Amino acid sequence: MKPFSSLLIVGQFDPEHTGFHFFSAAKELNLPHSILDDRAAKSRFSPLNRLAWNFRDKSYWNQKVFQKILLSDVESFRPSHLLVIGSSAIFSDTLIQLNQRNIVTTLFVTDDPWNISLSSRWFFDSLKHFHLIATPRKSNLAQLRQHCNSSVFYLPFGYNPEVHFEEKTITQDEKEKYGCDIMFFGGADSDRYPYIKKLISEGFKIKLYGGYWEKDPVTQPYAMGILGIKELRKAVKASKISLNLVRRANRDGHVMRSFEIPAMGGCPLNEATEEHREIFGSNLIPMFQSEDEMLQLAKQLLASNTLRAEWGKKAQTHVVTNNNTYRHRLETLLSHCP
């Protein structure tokens, strides 16, 4: 590994985003670091961003300007390592320049590049010019290795103790506001609707947090909008069960919530996947493979306060005692750097 001196992180740094969690990890490790919000590649005017996305191969309105901003930050900060989080707004020409400056360029590719709603020619070209690519899904490891010239390895999501912790006390008003049988937080992907609608048809009291649930007439009455992290902790605590579904379009084996729900003290109801079995073990907490299995487990949990508490505690203890923080993820990532 090249000797580490400083780290420039490119991403988004609201507390809900992975960029924030790696930023927190760098602070915790006392690493010299700087950050650059990749939303600088976007216009302040949404219509212009939509135009660029639709007619410029899923790019951003100010993406060319962003390359200059990044190079300027590199010139002033002079990092030894660059860590890019998510669907980078960085063109291949910029990465070539950074590589020529002997900067180790690393990407944590949070979404599947082959997801049809996200894939673009310029991003696939950029992928070839990173030194190291970490992916939180095993499903695309082989494709990334075939497509890229870089080293590729599997790095799961994690949790950030700074924001993903259990709310020990919530008020009665908050219990009434957020309380429900089953909550779900995440976007309204088409493959998630059958599970959610099945719960609705069975009469469960559910609440849906995230984008686009209000667009469907069946789920609209249960759509609660998007929550900030503080409110999300309270919603997880007040809900009896936190449903955890992966994204089919992303070929996920787990998601950020897989670690965040247990860390926040929720009782997770996980979809059965290879990665979930690997993370939690085969016998720690049951998982469902179908809508009927989901209903069976949900009814079993809702019938017993003791079972929910035991189930949630097992998951929480497992996650928080097995090196799953983003500090551990950053240490692992840097150890792989060439």
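Gain on full extension, evaluated as 0.36 nm per residue between LEU141 and GLN97 minus their Cα-Cα distance, stands at 13.2 nm. Once C-alpha pairs closer than 8 Å and six or more residues apart are averaged by separation and normalised to the residue number of region 43-201, the relative contact order reads 15 percent. For region 248-338, applying the loop criterion from DSSP together with a ceiling of 10 other beta carbons within 10 Å to the GluC sites (Glu not before Pro) yields no site. Estimated from helical segments only, the mean residue ellipticity of the chain at 222 nm is -12000 deg cm²/dmol, where each DSSP H run of four or more residues counts as -39500 (n - 2.57). The mean sequence separation of alpha-carbon pairs under 8 Å and at least six residues apart, normalised by the residue count of the chain, gives a relative contact order of 16 percent. For the chain, the solvent-accessible area with a 1.4 angstrom probe is 44 square angstrom per residue. Annotation for region 44-73: chymotrypsin sites (Phe, Trp or Tyr not before Pro) lying in DSSP loop with at most 15 further Cβ atoms inside 10 Å of their Cβ are PHE45. Ranking SER120, SER290, SER282 from most to least accessible surface, computed with a 1.4 Å probe over the protein chains only, gives SER282, SER290, SER120. Of the Cα atoms belonging to the chain, the radius of gyration and Dmax stand at 20.6, 62 Å.
Summary of the geometry: region 139-155 and region 1-66, compared by the centres of their Cα atoms, lie 22 Å apart. Modelled spin labels at ARG78 and ASP189, positioned 7 Å past Cα toward Cβ, are 4.4 nm from each other. So what does the Cα-only Debye profile of region 44-176 read at q = 0.11 Å⁻¹, as log10 I(q)/I(0), no solvent term? Log10 of I(q)/I(0), two decimals: -0.51.
Taking the protein heavy atoms of region 142-267 in the context of the full set of protein chains, the accessible area attributed to carbon and sulfur is 49 percent at 1.4 Å.
Computed packing ranks the peptides 69-78, 14-23 as 14-23, 69-78, most packed first, by mean other Cβ atoms within 10 Å.
Of the trypsin sites (Lys or Arg not before Pro) found in region 146-184, those in coil by DSSP whose Cβ has at most 13 other Cβ atoms within 10 Å are LYS168. Listed cross-link partners LYS215/LYS313; LYS168/LYS207; LYS42/LYS205; LYS42/LYS168; LYS58/LYS168; LYS177/LYS313 are compared with a 31 Å cut-off, the Cα-Cα value being larger for LYS215/LYS313; LYS42/LYS205; LYS42/LYS168; LYS58/LYS168. Put a plus charge on the Cβ of each Lys and Arg, a minus charge on the Cβ of each Asp and Glu, and nothing anywhere else: the dipole of the chain about its Cα centre is then about 380 debye.
The values are calculated or read from the model by the stated rules, or taken from the named source; none is laboratory data. Since we're looking at a predicted model, the values are computed, not measured. When we count neighbours, we look across all protein chains shown, and the Cβ atoms used for this are built from the backbone with ideal geometry, even at glycine. Calculation scope for accessible area: heavy atoms of the full protein, side chains included, ligands and nucleic acids excluded. Shrake-Rupley method; radii C 1.70, N 1.55, O 1.52, S 1.80 Å.
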